[in-house]
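Reviewing the structure listed below.
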Amino acid sequence: MEIAIEVKELTKNYGEIIAVNHINFEVRKGEIFGFLGPNGAGKTTTIRMLTGLSRPTTGTARVLGFNVESEIVKAKKYMGVVPEASNLYDELSAFAICCLWRSYTGFLVINAKQGWKSF
């Protein structure tokens, strides 16, 4: 079965602070995978590295075979992340939120008489 997410020795340091310490895991296509742990365990930092919002200090990560450092634009076309909480949701319209999230992935949003489409 094809590997959807592959993480090898992924590490993230913020100066002297080790936020993620040499983690390794694989998620195969079709698997249901839970990313659980206490506050401060590095879950959000790991997701930020997998989605290209933060660069790993060391190690590698691949999403559907795409390296998240050198091929993040290609990888983002196949992923979506909705954060647990955002202050923006109350301030923006549904359309504006969709435009914002699509801008992160490189997709275009077209406003037409029939509504809008993203591709």
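Every number in this text was worked out from the coordinates using simple rules, so none of it is lab data. All values reported here derive from a predicted model rather than from experimental measurement. Cβ sites come from the backbone with ideal geometry, for glycine too, and all protein chains shown count toward neighbours.
Overview of values
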{"item": "Theoretical FRET efficiency, 1/(1+(r/R0)^6), r = Cβ-Cβ of Glu16 and Thr58, R0 22 Å, to 0.05", "result": "0.90"}
{"item": "Phi-based couplings in Hz for the stretch 35-48 (Karplus 6.51, -1.76, 1.60; Gly and Pro marked x)", "result": "10, 10, x, x, 4, x, 7, x, 4, 5, 4, 5, 4, 4"}
